[in-house]
Amino acid sequence: MLHSLMLAVLIILAGCATPQRGQQVDSVAVAQDTWRQVDRQIVAASGTAIEQAERYARGSMEHWRMLVYERTEAEFIPWFSSYWTQEWLAVKVSWYAASAQGEKDSASRRLAVYLQTQYRERVLEPVAVEIDPEAIRANATSYYVSLLNQQVQMIAQSHRIPLELMNRRLHGIPAVNLGPPAARNASLYQMVHTNPLNTLPAYTALIDYVNKAAATGNGPSDAVIATVAQRTSEKIEAQFATRGATGAAAAVAGKAAGALISVGVAGIRAIIHEGERPEMQAHIRKSLSAAFDEAWFKSLKHPLSGVLAPVYYLDEEIRGSLMEAELANRPVVLPQLEP
């Protein structure tokens, strides 16, 4: 009994004699020169993480582009170049032109919207089941943040900086600055310690910011299809004169004979169309390929709206904050955190 009592007293005394963990951390002195080295190494680490994220994004976007090409070839081009699709598009262009009320290029713009919808439904949405640019963007950002976090921990270890002090430093480095409100802002600490990232309001604000900066509405398909729609509309409108003459001949011939003439002419057009179809498909394929390559490259590399735009934004904020502080020779002051 006496032995147990003495042991308890010794444990209590040892606890009183041992400083709290926070007190131990605060007693560690980190020189300003060391913090400056740490900041420069964080900037360098961000650059390295960007390089890795770019490799991931390019590989993933190449895979996405290959799947889009394959499905465009198998689904969209045969549908678009078929006789009955072309006839249906002619009806739509005629209706668009009749209801344009003098508005310039109304028919081609409305046809572009229709074709964009068809392209998404026939090509992009099926491909998106496996992979799509929005998923690549989210994964590239998470990959960048994860790599940067690993590098930051290694930097702290190399300078023998306690983890608590390093975390306080990260709290003082802005990574997202899109407020007000304050929830649209985030420190580097919040970015590297939030998993998954989409639970952080500032990350959601960043994605919204990137989406608004996008030059095209819903992705590369819009710019691609707009060109094809313009040419298709012009071709169909050029055919109206010939078809109008056919309609007039049918009217003169009378109801029964007119119907036969219309059917016969439609059959002839179908035969002619099938003969011209390989050339049409080659032309569509060339147009789609050139426009899509340009839009794809923009989707990959554009600093404000591409799949790497969130990564570039984070790097710019981190780099700008740290380099500005160094140039101004401001001392590093660790923020006091709530317990």
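No value in this document is a laboratory result; all are computed from the given coordinates. Because the structure is a prediction, the values reported are computed rather than measured. Heads up, the Cβs are rebuilt from the backbone with ideal geometry, glycines too, and the neighbour counts pull from every protein chain shown.
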> For the peptides 57-70, 154-167, what is the packing order when you average, over each peptide's residues, the other Cβ atoms within 10 Å and list the highest mean first?
Replying inline: 57-70, 154-167
>> Could you check the spin-label model distance between Ile131 and Ser158? Points 7 Å from the Cα along Cα→Cβ, value in nm.
In response: 3.2
> At a Förster radius of 25 Å, what calculated FRET efficiency corresponds to the Cβ-Cβ distance of Ala328 and Thr34, to the nearest 0.05?
Replying inline: 0.85
> Given a Förster distance of 51 angstrom, what is the FRET efficiency for Gln101 paired with Glu73, based on the Cβ-Cβ distance and rounded to 0.05?
Replying inline: 0.85
> With each label point set 7 Å from Cα along the Cα-Cβ vector, what nm distance links Ala44 and Ser146?
Replying inline: 2.5
> Using 7 Å Cα-to-Cβ label points, what is the Ser289/Gln52 separation (nm, one decimal)?
Replying inline: 3.7
